[in-house]
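This report concerns only the one structure given below.
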Amino acid sequence: MFLFCAYARTLYNDRQTKPKTNFDEHNKEHWRIQAQWILRDKVSSSLNKKVAKNVILFLGDGMSITTLAATRVYLGQKYGFMGEELKLSFEAFPYTGLAKTYCVDNNVADSACSGTAYLTGVKANSGTVGLSGAVQRGDCNGQKEGIHSVTGLIDWAQKAGKATGVVTTTRVTHATPAASYAHSADRTWEADSDTPEGSACEDIAQQLVRGRVGRRINVVMGGGRKNFLSHKMKDDDGYPGHRSDDLDLIKEWYQNKKSIGASPIYVQKKSQLQSVNLKEYDSLLGLFAYDHMPYHLEAGDDVPALSEMTQKAIQMLSTNKNGFFLFVEGGRIDTAHHETKARKALDETAELAKAVEAALKMVDPEETLIIVTSDHSHTMTYSGYSKRGTDILGFTNKMNASDNLPYTTLSYANGPGYKPHEEFQRHNLLLDNMNIKGRCKGPWSHLFTGNYEQNFIPHAIAFAACIGPGYTTCKQ
């Protein structure tokens, strides 16, 4: 404890006199040692200290505290309540903590560096996936060297004999899910056609199918069919693949699973997913969209909801006697915020809460650790002094702006919603159509309280589940 305090004080003083990035942060061991010391300091409670046989990590991409507050009201008003008094499923969890989100090189985290932190335990540079801060974005040679690669929860769980799964509403090769299995100097290198010409840097889709960690994942569900198919091919909906090579990575995934004695199945419709026989198959790849999966508000009848994908993943992974690790991302919260579409962002958050609720009904809380967190925030603000019951997606009922123009309860400081007006006056929103559509529970959940670095999260999960190379409850 004394050494930890001394180390923390030294680092703090350095930052006071030298605002530039401490070079120790480029070293992956820096983050591991720092997180391990925090972990040892926290392991002092006498609450639920059973080994977490199962772990489910839920991630709301771009899900800020403001988003949660607005979603409560959105859901409440949808069902006839005021809304503010309600709780989302995971807000009833007994332990809440705050994780600091920043990259080694940026003070505002993107999904790539953030995903690397909470999935591997090592902070990284903006735009990079599964690599330490020693690799800058776009550094293909740094990626190919391999010495700066970092793995985490998926890898640790697999080495412990557990089943693993990744579920998302974005492309399965998008920055957040990619951080669980890939090593890429640029988050946009999802297919070979996205990588620099002649670079020979393996793209993210290939790493999911061929990589040491990716190929061993039992269940993968989300969107992004285009990154698995050659441009010479078309998917079942008639869209051409995005790859510039001749690969059919969907077929290769299937053949790889068969070669190791697994019983795989590939699906791309909700009806196909629902009909999967768990006694017949133990590996599943579900690609339900050419690109990102559609927003829940716009999805057709044959597109599975996040809760439905989560349920099927738990059912399949639960057949492993050693337990499982499942990562579930509500990824379209983030894309809706980027588009300044508050209604969609709140609805996607509600869908994440529904998925958490579905999971709670399927697992034993005494042996399953469930964490719900976010990777970064957005500029959406919840402002004004509206009375209870005011439409969360409409105007405030206090027209007290100095320019006498109305303003909405939810607003964005950036993005496509900005509309300039002559002489720098605010745009009159009355002219617009306003109707366009880290909490914890389970074994060792008390470790996730307080304020800590984001990369501490996987270290605490690994401790609770007895996986990984660090300090665990089995090594006490």
- Per-selection metrics, the chain (Cα): Rg and Dmax in Å: 22.5, 70
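Taking all protein chains as present, what is the carbon and sulfur share of the accessible area of the chain, in % to the nearest whole number, probe 1.4 Å?
51
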- Item | Solvent accessible area, Å² - Ile392, 1.4 Å probe, full protein context | 10
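What does the charge dipole of the chain about its Cα centre add up to, to the nearest 20 debye, if the Cβ of each Lys and Arg holds +1 and the Cβ of each Asp and Glu holds -1?
On the way: 54 positive and 52 negative charges, 301 e Å.
About 1440 debye.
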- Considering the options Ile65, Gln207, Ser386, tell which one lies farthest towards the positive end of the dipole of the chain, charges being +1 on Lys and Arg and -1 on Asp and Glu at the Cβ, about the Cα centre. Ile65
- Query: Considering only Gly224, Ile265, Gly238, whose Cα is most displaced toward the positive end of the charge dipole of the range 202-287, charges sitting on Cβ of Lys, Arg (+1) and Asp, Glu (-1)?
  - Reply: Ile265
- Message: Below 13 angstrom from the Cβ of Asp235, what's the summed charge of the other residues (Lys, Arg +1; Asp, Glu -1)?
- Response: +3
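Count charges around Ala134 for me, please; just the other residues with Cβ under 10 Å from its Cβ, Lys/Arg as +1, Asp/Glu as -1. Please list the in-between numbers first.
Numbers: positive: Lys28; negative: Glu25, Asp139, Glu145.
Its environment carries a net charge of -2.
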- Report the one residue of Asn141, Ala358, Ala191 whose Cα lies farthest in the direction of the positive end of the charge dipole of the chain (charges on C-beta: Lys and Arg +1, Asp and Glu -1; origin at the Cα centre). Ala358
- To the nearest 20 debye, what charge dipole does the range 108-220 have about its Cα centre, counting +1 at the Cβ of each Lys and Arg and -1 at the Cβ of each Asp and Glu? 560
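How would you classify the range 206-245 from its alpha-carbon gyration tensor, with a ≥ b ≥ c the square roots of the eigenvalues: rounded for a/c under 1.5, else prolate if a/b is greater than b/c, otherwise oblate? Working shown, then result.
Numbers: a/c = 3.64, a/b = 1.74, b/c = 2.09.
Since a/c reaches 1.5 but b/c is at least a/b, the shape of the range 206-245 is classed as oblate.
Using only Cα atoms, figure out Rg for the range 109-219 and give it as a multiple of 2.2 N^0.38 Å.
0.95
Of the peptides 268-276, 282-290, how do they stack up when ordered by the mean number of other Cβ atoms within 10 Å, highest first? List each step's numbers first, then the result.
On the way: 268-276: 15.4, 282-290: 22.9.
So the order, starting with the most tightly packed, is 282-290, 268-276.
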- Sort Leu447, Leu278 by accessible area with a 1.4 Å probe, largest first. Leu278, Leu447
- Item | In Å², nearest 10: area of His183 left accessible to a 1.4 Å probe | 40
- Message: Given the whole protein assembly as supplied and a 1.4 Å probe, what does the accessible area of Glu339 come to in Å², nearest 10?
- Response: 60
- Query: Which residues does a label at Leu86 reach in the range 334-372, if reach means a backbone N under 13 Å from a point 7 Å past the Cα toward the Cβ?
  - Reply: 346-354
- Message: How big is the dipole moment of the range 58-139 about its Cα centre under a simple scheme where the beta carbon of each Lys and Arg is +1, that of each Asp and Glu is -1, and everything else is neutral? Debye, nearest 20, please.
- Response: 80
- Per the helix-only calculation at 222 nm, which mean residue ellipticity applies to the chain, given -39500 (n - 2.57) for every DSSP H run of n ≥ 4 and division by its residues, nearest 500 deg cm²/dmol? -9000 deg cm²/dmol
- With r defined as the distance between the Cβ atoms of Asp301 and Gln255 and R0 fixed at 51 Å, what FRET efficiency is calculated, to the nearest 0.05? 0.95
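If you take the square roots of the eigenvalues of the alpha-carbon gyration tensor of the range 39-109 and sort them as a ≥ b ≥ c, do you get rounded (a/c under 1.5), prolate (a/b over b/c) or oblate? Could the numbers behind the result be given before it?
Values: a/c = 2.57, a/b = 1.35, b/c = 1.90.
Because a/c hits 1.5 or more and a/b fails to exceed b/c, the range 39-109 counts as oblate.
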- Message: Need one word for the range 234-290: rounded, prolate or oblate. Basis is the Cα gyration tensor (sqrt eigenvalues a ≥ b ≥ c); a/c below 1.5 gives rounded, then a/b vs b/c decides.
- Response: oblate
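Can you pull the Rg over Rh of the range 177-329, Cα-only, Kirkwood? Intermediate values should be presented prior to the final figure.
On the way: Rg = 15.3 Å, Rh = 16.1 Å.
When Rh is taken as the Kirkwood radius, the ratio is 0.95.
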- Message: Counting heavy atoms of the protein chains only and a 1.4 Å probe, report the per residue accessible area for the chain as a whole number of Å².
- Response: 43
- P(r) of the range 243-348 over all Cα-Cα pairs, 5 Å bins starting at 0, rounded to whole percent, reads 2, 10, 18, 20, 18, 14, 10, 5, 2, 0
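With r as the distance between the Cβ atoms of Arg388 and His231 and R0 = 51 Å, compute the FRET efficiency 1/(1 + (r/R0)^6) and round to 0.05. Could the numbers behind the result be given before it?
Numbers: r = 54 Å, r/R0 = 1.07.
My answer for the efficiency is 0.40.
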- Cβ under 14 Å from Gln255's Cβ, Gln255 left aside: what net charge do those residues give with Lys, Arg +1 and Asp, Glu -1? +3
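Assuming 0.36 nm per residue, please report the length gained on full extension of the stretch Met362 to Asn141 beyond their Cα-Cα distance. Walk me through the intermediate numbers first.
Working: separation 221, 0.36 × 221 = 79.56 nm, distance 4.46 nm.
Here the answer is 75.1 nm.
The values are calculated or read from the model by the stated rules, or taken from the named source; none is laboratory data. Note that the coordinates shown come from a computational prediction; the quantities given were computed from them, not determined experimentally. A quick note on method: Cβ atoms are made from the backbone with ideal geometry, for glycine too, and the neighbour counts reach across all protein chains shown. These accessible areas exclude ligands, DNA and RNA; they are computed on the full protein's heavy atoms, side chains included. Shrake-Rupley method; radii C 1.70, N 1.55, O 1.52, S 1.80 Å.
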